[in-house]
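Chemist: Encoded as structure tokens, here's the structure I'll be asking about.
The values are calculated or read from the model by the stated rules, or taken from the named source; none is laboratory data. Bear in mind that the values here come from a model prediction, so they are computed numbers and not experimental data. FYI the Cβ positions are ideal-geometry reconstructions off the backbone, even for glycines, and counts take in every protein chain you see. Surface areas here come from the heavy atoms of the whole protein model, side chains and all, with no ligands, DNA or RNA. Shrake-Rupley method; radii C 1.70, N 1.55, O 1.52, S 1.80 Å.
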Amino acid sequence: QVQVVESGGGLVQAGGSLRLSCTTSGLRFDDLDMGWFRQAPGKEREGVSCINWGGGRTFYQDSVKGRFTISRDNAKNTLYLQMNSLKPEDTAMYYCAARRSWNTPTCAPGTYGYWGQGTQVTVSS
């Protein structure tokens, strides 16, 4: 009954941009911390960017700082990840995830319990 659905992935050239979107159902969106995670084949899943329930606290992995921007529109129950200046090393399956809001400012994958199916991002060189 709980669904997390992300979209917006695709194939782009290095230096290009993509915007990922995520929506949830069966959950109260403004009661959720949200995050974007990625996993490449044979590699560990890592936190890319996270945002707390109200949008006032964000986290970015060092490798994406200055290039990616996370945001949310609680009125539209939607989470976004704007990805600019994409690099081949950004290639991965990107997942949206949610957790019931809490006060710990962590973007660790293990703290998120509701996951989408993933959307593939491929950046060609």
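Chemist: Please list Arg38, Arg45, Arg28 in order of solvent-accessible area, largest first, computed with a 1.4 Å probe with all protein chains present.
Modeler: Values: Arg38 15, Arg45 80, Arg28 160 Å².
Heavy-atom accessible area, descending, gives Arg28, Arg45, Arg38.
Chemist: DSSP loop trypsin sites (Lys or Arg not before Pro) in the range 47-113 with at most 15 other Cβ atoms within 10 Å of their Cβ, which ones?
Modeler: Here the trypsin sites (Lys or Arg not before Pro) that fit, given the DSSP loop and packing criteria, are Arg57, Lys65, Arg67, Lys76.
Chemist: Enumerate the calculated ³J(HN,Hα) couplings along the range 74-91 in order (Karplus 6.51 cos²θ - 1.76 cosθ + 1.60, θ = phi - 60°), each rounded to whole Hz, writing x wherever the residue is Gly or Pro.
Modeler: So the Karplus estimates, Gly and Pro as x, are 5, 5, 9, 6, 9, 10, 10, 9, 8, 10, 10, 6, 5, 10, x, 5, 7, 4 Hz.
Chemist: If you roll a 1.4 angstrom probe over the protein chains with everything in place, what fraction of the accessible area of the chain belongs to carbon and sulfur, to the nearest %? Could the numbers behind the result be given before it?
Modeler: Details: 2980 of 6400 Å².
With neighbouring chains kept in place, the figure for the chain is 47 percent.
Chemist: Leaving out same-chain residues fewer than 8 places away, which lysines sit with a Cα under 25 Å from that of Lys65?
Modeler: Within reach: Lys43, Lys87.
Chemist: Would you mind working out the accessible area per residue for the chain, using a 1.4 Å probe, and quoting it in Å²?
Modeler: Result: 51 Å² per residue.
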